[in-house]
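Peer 1: Take a look at this one; I'll ask things after.
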Amino acid sequence: MSTLRALAEILVVAGPLLGCTELVAPNGGVSIVVSPDTVETSENISPPSVQLNFTIWNTNTFMIAVSPCVPDVEKETATDVWENVRLANECFLEPMPAGTRRSFVAFVGPIAPGRYRLRSWFSVPDRNGISATEKPTLSQFSNAFVVLP
C-alpha cells in the first residue's frame, strides 16, 4: 500500500509538468504590448503609413537581447490563423536587463484593414554575454491590434 501511495504522490506532483514542453519557458518572461490597440493609416506621413507604438518588457530575472528594429507583422486571415505580411528588419541586438521596459515606435507602411499582431525576436545571452552576431532564436507575440480603413 505504501508503494501505491508513493506513486500517487509522485503523479500528483509530476502531473502538471507532464503537459509542459519545457520546465522553464525561455520566452515566458517577455511581454510585448501595442498601444493603442486600434490604429489608422496616417496620411500625414510620407508615404502614408501605420504608426505602431509598442513596449517590450523583460520580466525575466536575467538579461535578454532584443532587436530595436521593426518586428514581424502578422495578419489574422481566419480565426487563430496568422500570416506574415511584413518581415522584421535584421539589425544588431541590444541588451535589455532583467525587469526593464523599452518603448518603440514602428512605421510599418500601408497595411490593409484587419486584425494584426507583432512577433518580436530576442535571444538569451550565454554566460559570456551577448554576441552582436548572434541571431535571435526566440520570439514572442504582442497583443492583437486592429488597423482601421
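Peer 1: Of the residues A65, A8, which single one is hydrophobic (A, V, I, L, M, F, W, C) and at pLDDT below 75?
Peer 2: Working: A65 fails: at pLDDT below 75.
The conditions single out A8.
Peer 1: How about segment 74-110: which of its residues are modelled with pLDDT under 95 and surrounded by 17 or more Cβ atoms within 10 Å (Cβ to Cβ)?
Peer 2: Once the filter is applied, which keeps residues that are modelled with pLDDT under 95 and surrounded by 17 or more Cβ atoms within 10 Å (Cβ to Cβ), segment 74-110 yields R86, A88, L93, M96, F104, A106, V108.
Peer 1: Touching a Phe, Trp or Tyr at 6+ places or on another chain (Cβ under 6 Å), free of Cβ contacts under 8 Å to residues at least 60 places away in the same chain, not in a strand (DSSP E or B) and not charged (D, E, K, R) - does that describe any residue in segment 46-53? Spell out how you get there, then give the answer.
Peer 2: Residues of segment 46-53 that are touching a Phe, Trp or Tyr at 6+ places or on another chain (Cβ under 6 Å), as a first pass: 49, 51.
When the remaining residues are screened for being free of Cβ contacts under 8 Å to residues at least 60 places away in the same chain, the result is 51.
Next, from what is left, pick out any that are not in a strand (DSSP E or B): none.
There is no residue in segment 46-53 that is touching a Phe, Trp or Tyr at 6+ places or on another chain (Cβ under 6 Å), free of Cβ contacts under 8 Å to residues at least 60 places away in the same chain, not in a strand (DSSP E or B) and not charged (D, E, K, R).
Peer 1: Right, something else. Among what's in segment 111-149 and is hydroxyl-bearing (S, T, Y) and open to solvent by less than 60 Å² (accessible area, probe 1.4 Å), pick the residue that is modelled with the lowest pLDDT. Please lay out each step first, then the result.
Peer 2: Step one: list which residues in segment 111-149 are hydroxyl-bearing (S, T, Y), which gives 116, 120, 123, 131, 133, 137, 139, 142.
Still in the running and open to solvent by less than 60 Å² (accessible area, probe 1.4 Å): 116, 120, 123, 131, 139, 142.
On the way: Y116: 97, S120: 88, S123: 85, S131: 59, S139: 87, S142: 95.
Here the residue is S131.
Peer 1: Any idea which of (1) under 23 Å from E40 (Cβ atoms); (2) assigned to a strand (DSSP E or B); (3) not aliphatic (A, V, I, L, M) is the one P95 doesn't satisfy?
Peer 2: (1)
Per-residue answers, yes or no, for (1) basic (K, R); (2) at pLDDT below 95; (3) farther than 15 Å from S123 by Cα; (4) open to solvent by 30 Å² or more (accessible area, probe 1.4 Å):
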| position | (1), (2), (3), (4) |
| --- | --- |
| V13 | no, yes, yes, yes |
| L18 | no, yes, yes, yes |
| A25 | no, yes, no, yes |
| G29 | no, yes, no, no |
| E40 | no, yes, yes, yes |
| I45 | no, yes, yes, yes |
| S49 | no, yes, yes, no |
| L52 | no, yes, yes, no |
| T59 | no, yes, no, yes |
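The values are calculated or read from the model by the stated rules, or taken from the named source; none is laboratory data. Everything quoted here is computed from the prediction, not taken from an experiment. All Cβ positions, even for glycine, are placed from backbone atoms using ideal geometry, and neighbour counts span all protein chains on display. These area figures cover heavy atoms from the full protein model, side chains too; ligands, DNA and RNA do not enter into them. Shrake-Rupley method; radii C 1.70, N 1.55, O 1.52, S 1.80 Å.
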